[in-house]
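Structure, as structure tokens:
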Amino acid sequence: AGVLYHEIASEVADFFMFTTHAGLTIIQALIVNFIGGLTVCLGGIVVFSSNVNSLGVGSGLAIAVGVYIYIATMVALPRAREMAKTRLEKLLSMGMFVLGVIPLGLVLLSHTHCH
């Protein structure tokens, strides 16, 4: 469920980025978004069809987390800070960031480590 919630928020954000910053039409943005969303399914198929041990899963998750942290801190937050002019806009942009992180954190509440 956590991946689903995160993907919904991510795809909505991508759609607005494609239509406002990249200059794509609505149809083009939907097509690109759909193709990008299919990579989640592809990743799930690869993981479930291969015999990955807990070290492999942990390594993959560590790499993915590093990528997300890099994008959030070096790309997304500076851009949001630059665009937000008023204190309210800054609070809203930070709130949206936190709202996007909550589903990921909720998944970790029930996560158990393999021993």
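With the largest listed first and rounded to whole Å, the semi-axes of the equivalent ellipsoid of region 17-115 from the Cα gyration tensor are 30, 21, 11. For region 20-79, the solvent-accessible area works out to 77 Å² per residue, with a probe of 1.4 Å and every protein chain left in place. Along the axis of the charge dipole computed for the chain (Cβ charges of +1 for Lys and Arg, -1 for Asp and Glu, origin at the Cα centre), the listed residues PHE34, VAL47, SER93 are led at the positive end by SER93.
Just in region 2-98: which trypsin sites (Lys or Arg not before Pro) are loop by DSSP and have at most 13 other Cβ atoms within 10 Å?
Those that pass, being in a loop and sparsely packed, are LYS85.
Which residues does the label zone of THR86 cover in region 9-35, counting backbone N under 12 Å from a point 7 Å along Cα→Cβ? So the set is empty, nothing qualifies. Within the chain, the whole DSSP H helices whose Cα atoms reach 18 Å or more along their own axis and whose mean Kyte-Doolittle score is at least 1.0 are 26-49, 54-71, 87-109.
Here the accessible area of the chain is 75 percent carbon and sulfur, with a 1.4 angstrom probe and all protein chains present.
Estimate the FRET efficiency between THR19 and VAL107 by the formula 1/(1 + (r/R0)^6), using the beta-carbon distance for r and 30 Å for R0, to the nearest 0.05. Mind showing how you got there, number by number?
Details: r = 29 Å, r/R0 = 0.97.
About 0.55, to the nearest 0.05.
The values are calculated or read from the model by the stated rules, or taken from the named source; none is laboratory data. Values in this document were obtained by computation on a predicted structure and should not be read as measured data. Don't worry about glycine lacking a Cβ; one is built from the backbone with ideal geometry, like all the others, and counts go over all protein chains shown. For accessibility, only protein heavy atoms count, side chains too; no ligands or nucleic acids. Shrake-Rupley method; radii C 1.70, N 1.55, O 1.52, S 1.80 Å.
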